[in-house]
Amino acid sequence: MDFSSKLLENAVYEMSQLPGIGKRTALRLVLHLLKQPETQTEHLSTAISKLRSTVRYCDNCHNISDMPTCEICANPKRDASLVCVVEDIRDVMAIENTGQFRGLYHVLGGKISPMEGIGPQDLKIMSLVNKVKEGEIKELIFALSSTMEGDTTNFYIYKQIDGMEVRTSTIARGIAVGDELEYADEITLGRSILNRVPFEGSLKSN
């Protein structure tokens, strides 16, 4: 792809580094920005820059937050004894959109994947185990995607808390095996949360 401007070429290159954005799409986006009022581009640039420099994570659940404790964890109407274990922020948003869950979350930051070099030590697993040890959590809901990596992560956490006084469950398999949680429709995901099954039972059925 030939460019008449080095500035344009650099902008297209940086835009194309985003997931799912090829160079042609990146070029359309950059040209679109050039047609907009300069203030709009400045607002976008400022928003991204501020996000990157000041974003933080909730001290309790590791969700993206503006404050030390996120709005979900700080909400006294949420059931702190019920914790839903998810991979990342996108899964929190997907479950929240169902309106069916009133507990708290624990964001692992990924799934165990030896192929990608991701081990248990790279995830927020020990902080979850420590919270269970404190005794305030009565039930953990495993809501990771139903992939091999997701099931491996579920089982690893299950073994880490084995013998502790906490109930474990997993979302019902209205979510197809191999599906990523964030792509499930809200009705199916909501029913999967409500109709969760004991995690031990899911081990027997696999």
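Summary table below
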| item | result |
| --- | --- |
| Qualifying residue in the stretch 124-138 (condition: loosely packed, with under 15 Cβ neighbours inside 10 Å, of a type in the set (S, T, N, Q) and more than 27 Å from Y156 (Cβ to Cβ)) | no |
| Enumeration of residues in the stretch 141-162 that are among the charged types (D, E, K, R) and within 14 Å of the chain's Cα centre (by Cα) | none |
| Pair list, Cβ < 6 Å and 6+ apart or interchain, from the stretch 1-14 residues that are part of a loop (DSSP other than H, G, I, E, B) to residues that are surrounded by 11 or more Cβ atoms within 10 Å (Cβ to Cβ) | M1/K23; F3/E9 |
| Top-ranked residue in the stretch 104-123 [being surrounded by fewer than 20 Cβ atoms within 10 Å (Cβ to Cβ) and either touching a Cys at 6+ places or on another chain (Cβ under 7 Å) or hydrophobic (A, V, I, L, M, F, W, C) (or both); ranked as nearest to F199 (Cα to Cα)] | I118 |
| Neighbours by Cβ (under 7 Å, 6+ apart or cross-chain): first from the stretch 52-63, more than 16 Å from N75 (Cα to Cα); second crowded, with 21+ Cβ neighbours inside 10 Å | Y57/N63 |
| Residue list for the stretch 152-169, filter: part of a strand (DSSP E or B) and either over 15 Å from Y105 (Cβ atoms) or in contact (Cβ under 8 Å) with a residue 60 or more places away in the chain (or both) | R167, T168 |
| Leading residue by the ranking (modelled with the lowest pLDDT) among those in the stretch 37-72 that are part of a loop (DSSP other than H, G, I, E, B) and exposed (fewer than 12 other Cβ atoms within 10 Å of the Cβ) | V55 |
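The values are calculated or read from the model by the stated rules, or taken from the named source; none is laboratory data. Fair warning: this is a prediction, and the values are worked out from it, not measured in the lab. We place every Cβ from the backbone using ideal geometry, glycine too, and count neighbours over all the protein chains shown.
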